[in-house]
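Working notes, structure below.
The values are calculated or read from the model by the stated rules, or taken from the named source; none is laboratory data. From a predicted model like this one, the values you see are computed outputs, not experimental measurements. Here the Cβ positions follow ideal geometry from the backbone for every residue, glycine too, while neighbour counts run over all protein chains shown.
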């Protein structure tokens, strides 16, 4: 219980710091904006409007933290790095799947309410938080990297730099699961246990294209 209380306090304090940054921005014009945020659980819920002050440089996640600090301390939202690296703060902003920490308010029409909803492809836990565990279960079903036997005199391997570079592009995924969110098989039909989805296809491609890997994972992708 103490850990949960500490976590909740840290969330509120983060929102308070964001609000303080907004209020103290020297020479920066502030304005009021309305955010229409989904509140509820799998049992039901609704969109609820919150008004807060916004200023230049803020992103949607900043506004959500301010709303937590000012008027909705129990608003559930998943986030971590606030730098577009961890993939935690995925949501649907004005109907578009995006990272909240990478969506600047300057990109949005603040004359209208900004709608913030959870990803629809996954089961809802609370408010903006969804259960994405099906992705990790699917990943476990795909066999790990399995290299061929060492073929160099020193007991290691040799491969072309071009082959190594090709694999790197597939390793840049931050597992935000936004691609899963827009996949109609997962979003509209909820077939998470029958289809791995685009994220895991990229993961498998990374393994299959590695010049040292020897496995065929075709059957694991069905």
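Observations on the structure shown:
- Residues of region 112-149 that turn out to be out of contact with any strand residue (DSSP E or B) (no Cβ under 9 Å at 6 or more places or on another chain) and farther than 21 Å from residue 65 by Cβ, as a count: 13
- Within region 16-49, tally of residues that are assigned to a loop (DSSP other than H, G, I, E, B) and at pLDDT below 65: 4
- Of all residues in region 90-123, those being more than 22 Å from residue 53 (Cα to Cα) and in a loop (DSSP other than H, G, I, E, B) number 7.
- Residue check, residue 75 surrounded by 14 or more Cβ atoms within 10 Å (Cβ to Cβ), over 20 Å from residue 104 (Cβ atoms) and either in contact with a helix residue (DSSP H, G or I) (Cβ under 6 Å, 6 or more places away or on another chain) or at pLDDT 95 or above (or both): yes
- Count of residues meeting criterion [surrounded by 12 or more Cβ atoms within 10 Å (Cβ to Cβ) and not in a loop (DSSP other than H, G, I, E, B)] in region 124-136: 7
- Any hit, region 170-177, residues being touching a strand residue (DSSP E or B) at 6+ places or on another chain (Cβ under 6 Å), at pLDDT 95 or above, assigned to a helix (DSSP H, G or I) and crowded, with 17+ Cβ neighbours inside 10 Å: no
- Residue that is in the same structural domain as residue 62 (by TED's automatic domain parsing) and over 21 Å from residue 81 (Cα atoms), where the choices are 113, 118, 147: 113
- Only one of 139, 144 that is part of a helix (DSSP H, G or I) and within 24 Å of the chain's Cα centre (by Cα): 139
- Total residues in region 91-107, condition more than 14 Å from residue 37 (Cα to Cα) and either in contact with a helix residue (DSSP H, G or I) (Cβ under 6 Å, 6 or more places away or on another chain) or crowded, with 17+ Cβ neighbours inside 10 Å (or both): 6
- Among the residues making up region 187-216, those that are crowded, with 18+ Cβ neighbours inside 10 Å, out of contact with any strand residue (DSSP E or B) (no Cβ under 9 Å at 6 or more places or on another chain) and not in a helix (DSSP H, G or I) are 192, 196.
- Unique match (being in contact with a helix residue (DSSP H, G or I) (Cβ under 7 Å, 6 or more places away or on another chain) and either crowded, with 20+ Cβ neighbours inside 10 Å or farther than 25 Å from residue 31 by Cβ (or both)) among 68, 161: 68
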